[in-house]
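Down below is the structure, laid out as structure tokens.
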Amino acid sequence: SVKILYKKHNSNLPKNMVKLLKIEIKERRVCFQPNILWKIMNIILFGAPGAGKGTQAKELIKKYEIPQISTGDILRGAIANKTPLGLEAKKLMDQGQLVSDEIVNGLVEARLQEADCEKGFILDGFPRTVAQAEELDKIMKKIGKEIDKVIALEVSDDEIIERITGRRVSKVTGKIYHIKYNPPVDEKLEDLEQRADDNEETVKKRLAVYNEQTAPVLDFYKKQNKVYEVDGAQGLENITKDIIEILEK
Ligand code: AP5
Ligand code: MG
């Protein structure tokens, strides 16, 4: 069957790749597109609110051409569209509370089965409770995939408050900025908006929820030897460099 796959999809590959390919197939680490071999990257970007998950995900999707799956973005989309789910989620999000596991698990299960996740994906903001992590393991098993690496961005609480209160997001391009650390160059100031949950009071609540309910998720993945810690207090580019190094190890 390896031969057939090889013939069908990778007949232009040099012969010395065959052996490597066989190993990769055995370990289920490749997916096929005509004449192209991809290393599958199923990644979780983990970190406190404002740790830089969204910012780094945007860099990685450019480089690896895999989608970012941000449960926060999906929920904000539902709020913007005023769907029943959005209206329900808004109350909780504005208070810095988590939306129920059932809701986010369902959203993620559906999203992971879309075609663009074939080469891999970057989960951002999910899983956020141990129950979500357990469910994710079940979902992955069901669809014949597995999480490869969990990149944990580490940033102090003081820095987080500074980052979140200064964050602005473009209504036009969705790009994430910071009024001091990462100001927009090409976009007009009137196109920028502040997230409803980006005030000091809600951030403190979100941090408390993170420490109580989300931080234990890291231990869950440490037991699976999947956690790679990155100093998230560095400049944007150095963080990206560190993450790429980990992903390409
Ligand atoms: P979500 O949208 O996921 O928010 P979050 O986890 O609080 O994380 P943020 O998006 O605030 O931060 P980020 O790490 O993406 O940082 P960013 O790159 O933007 O969730 C929102 C809400 O939705 C939750 O509170 C919950 O209610 C609900 N929800 C979502 N997922 C859920 C789930 N799984 N279960 C239940 N409920 C869920 O960066 C922040 C700022 O810092 C920016 O201004 C950026 O420019 C700046 N910055 C970034 N990196 C650097 C750097 N290296 N140096 C200086 N500045 C930097
Ligand atoms: Mg984010």
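The values are calculated or read from the model by the stated rules, or taken from the named source; none is laboratory data. Values in this document were obtained by computation on a predicted structure and should not be read as measured data. Heads up, the Cβs are rebuilt from the backbone with ideal geometry, glycines too, and the neighbour counts pull from every protein chain shown. All accessible areas refer to the heavy atoms of the entire protein, side chains included, with ligands and DNA or RNA removed. Shrake-Rupley method; radii C 1.70, N 1.55, O 1.52, S 1.80 Å.
Listed values, structure above:
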| item | result |
| --- | --- |
| Square roots of 5 times each gyration tensor eigenvalue, C-alpha, segment 111-249, largest first, Å | 28, 19, 17 |
| Amide hydrogen neighbours beyond the local backbone of residue 70, cut-off 5 Å, H modeled | 124 |
| Calculated from backbone phi, Karplus (6.51, -1.76, 1.60) coupling profile of segment 224-241 in Hz, x at Gly/Pro | 9, 6, 10, 8, 10, 8, 10, 6, x, 8, 6, x, 3, 5, 5, 5, 4, 4 |
| Links that overshoot a 21 Å alpha carbon limit, given the list 90/149; 58/223; 58/138; 90/204; 90/222 | 90/149; 58/223; 58/138; 90/222 |
| Whole-percent carbon and sulfur share, accessible surface of segment 41-98, 1.4 Å | 57 |
| Ellipsoid equivalent to segment 93-135 - semi-axes via the Cα gyration tensor, in Å | 21, 11, 10 |
| Distance between segment 200-246 and segment 130-180 - C-alpha centres, whole angstrom | 8 |
| Column: log10 I(q)/I(0), Debye, Cα scatterers of segment 135-208, q = 0.20 Å⁻¹ | -0.87 |
| Per residue accessible area in Å² of segment 49-128, where ligands, DNA and RNA are left out and the probe is 1.4 Å | 44 |
| Residue-count net charge about residue 184 - beta-carbon cut-off 15 Å; Lys, Arg +1, Asp, Glu -1 | +2 |
| Segment 85-157, Rg to Rh (Cα coordinates; Rh as Kirkwood inverse mean 1/r) | 0.99 |
